[in-house]
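The values are calculated or read from the model by the stated rules, or taken from the named source; none is laboratory data. Because the structure is predicted, anything quoted here is derived from the model rather than measured. Please note: Cβ atoms are built from the backbone with ideal geometry, for glycine as well, and neighbour counts cover all protein chains shown. Each accessible area value is taken on the protein alone, full model and side chains, heavy atoms only, with ligands, DNA and RNA left out. Shrake-Rupley method; radii C 1.70, N 1.55, O 1.52, S 1.80 Å.
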Amino acid sequence: MTDSTAQDKYTQQTIVGVHTWQSPALISVQVTRPAGFDYLPGQFARIGLPEAVGQSEPALWRAYSMVSHPSENILEFLSVTVIDGAFSPKLASLKPGDAIWVEKAPFGFLTLERFSTAKTLWLVATGTGLSAYLPMLKDSKIWQQFEKVVLVHGVRQAQELTYKSDIEAIAGANQALIYLPIFSQAPWSDGLYPPSRITSAYENGQLERAAGRQLDPEDSRIMLCGNPAMVSGMRAMLQERGFAAGRRGNLGTLAVENYW
Ligand SMILES: Cc1cc2nc3c(=O)[nH]c(=O)nc-3n(C[C@H](O)[C@H](O)[C@H](O)COP(=O)(O)OP(=O)(O)OC[C@H]3O[C@@H](n4cnc5c(N)ncnc54)[C@H](O)[C@@H]3O)c2cc1C
Ligand SMILES: NC(=O)c1ccc[n+]([C@@H]2O[C@H](COP(=O)([O-])OP(=O)(O)OC[C@H]3O[C@@H](n4cnc5c(N)ncnc54)[C@H](OP(=O)(O)O)[C@@H]3O)[C@@H](O)[C@H]2O)c1
């Protein structure tokens, strides 16, 4: 599709870097940033690729959260390669210099603007859901809005902890960040707590004990991002405790984003 409507909607960009994490299914891709592409930490882009090698127009589109902070001059995305996925294996095969397409407008409402000032912000992610939180952690606004930030990252095994050293560096420089990685399928010796999913660690009190603080809608705000089953499970339990999404222009205490 080369008509002017399509050209108005997206631009062709170039891959400038690819990093493979300890798990080969996880990669970070750096892309040139389209002129005028402004976004808020937590928003996502729609990125496009041709359906087959040799085609020169994008036909497949998927949403990817920006890992990069809006002040950076490239866009960075974290991607898990889904076996038999239509898009992610194609993305994983790209090399620096290859073309990729980015829609001109950013999307999404999982941003710090969703919340008023509070004592503690909980950022809860499974897998690549971490992406949305990384630009927030690099943003000075978060530390003006919250006294403490608890980052919970649920993965199957320790080797899937992407951006661990970057997060530990932020936590080392700023005691206000509490980083809680949690493994669902690793031996206990690999982690600080028994292996579990985020939902069971919340239910049995392990998450709040590890963070040293209670989840209370009076002074806490919480974001959930990633696996829709984790998001719906956590949302149901948090609603019972009084957490609620914002409605009709009122700020809420809970904000979520499903990745599929
Ligand atoms: C708002 C939004 C933001 C997103 N941001 C990211 C991101 O930053 N990084 C990223 O890797 N993906 C992200 N995704 C998912 C992404 O858009 C694609 O779905 C994913 O890359 C797989 O594409 P696919 O065509 O290979 O497989 P699809 O056909 O799209 O998915 C097939 C199946 O793979 C599984 N799956 C899809 N995405 C994931 C995932 N991220 N983690 C684990 N299992 C998954 C699900 O079971 C899904 O049904 C986001 C999705 C949304 C809606
Ligand atoms: N991440 C990798 O390194 C890797 C490697 C090879 C292939 N893949 C492919 O990537 C896809 C999956 O990626 P992923 O493992 O990053 O994402 P995921 O399946 O969403 O798992 C991420 C974390 O979410 C947990 N989880 C799943 N369902 C949950 C629920 N209902 N409530 C609470 N927590 C829940 C998982 O626990 P459980 O472990 O208990 O399910 C795991 O700890 C698959 O297509 C897979 O083939 C990924």
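A few comments on the model shown:
- Net charge of neighbours whose Cβ lies under 12 Å from the Cβ of R62, counting Lys and Arg as +1 and Asp and Glu as -1: +1
- Taking label points 7 Å from Cα along the Cα-to-Cβ direction, A35 and K104 give a separation of 1.2 nm.
- Geometric extent, Cα atoms of segment 130-232 - Rg, Dmax (angstrom): 13.5, 38
- Considering only the chain, percent of DSSP beta bridges that pair antiparallel, nearest 5: 50
- Each helix, a run of at least 4 DSSP H residues, gives -39500 (n - 2.57); summed and divided by the residues of the chain, these come to -5500 deg cm²/dmol at 222 nm.
- GNM flexibility winner over the chain from V149, V29, V16 (Cα, springs under 10 Å): V16
- Cross-link reach is defined here as a Cα-Cα straight distance under 12 Å, omitting same-chain residues fewer than 8 places apart; for K104 the aspartates and glutamates meeting it are D8, D38.
- Remark: the chain carries a charge dipole of roughly 340 debye about the Cα centre, counting +1 on each Lys and Arg Cβ and -1 on each Asp and Glu Cβ.
- Dipole magnitude for segment 54-146: computed about the Cα centre from +1 point charges on Lys and Arg Cβ and -1 point charges on Asp and Glu Cβ, it is near 260 debye.
- Accessible surface, per residue, of segment 148-230 when the full set of protein chains is kept, probe 1.4 Å, Å²: 46
- Net dipole in debye of segment 4-103 [+1 Lys, Arg Cβ; -1 Asp, Glu Cβ; about Cα centre; nearest 20]: 100
- Principal axis dimensions, largest first and in whole angstrom, of the chain by Cα: 54, 44, 34
- Table column - 3J(HN,Hα) (Hz), segment 66-80, Karplus curve with 6.51, -1.76, 1.60, x for Gly and Pro: 6, 8, 6, 7, x, 7, 7, 8, 10, 9, 10, 10, 9, 9, 9
- The chain: angle of helix 228-240 to the longest principal axis, Cα-based, in degrees nearest 10: 30
- Cross-linked pairs K9/K148; K141/K164; K119/K164: Cα-Cα separations exceed 29 Å for K9/K148.
- Accessible area in square angstrom per residue, segment 4-103, 1.4 angstrom probe: 47
- Taking L110, L60, L123 as the candidate residues, the one with maximal mean-square fluctuation in a Gaussian network model of the chain, Cα springs under 10 Å, is L60.
- Put a dot 7 Å past the Cα of Q185, heading toward its Cβ, do the same for N258, and the two dots end up 2.3 nm apart.
- Gaussian network model of the chain, springs between alpha carbon atoms under 10 Å - residue of R248, R235, R213 with greatest fluctuation: R248
- Counting only protein heavy atoms and a probe of 1.4 Å, the accessible surface of the chain is 51% carbon and sulfur.
- The angle separating the long axis of helix 164-173 from the principal Cα axis of greatest extent in the chain is about 50 degrees.
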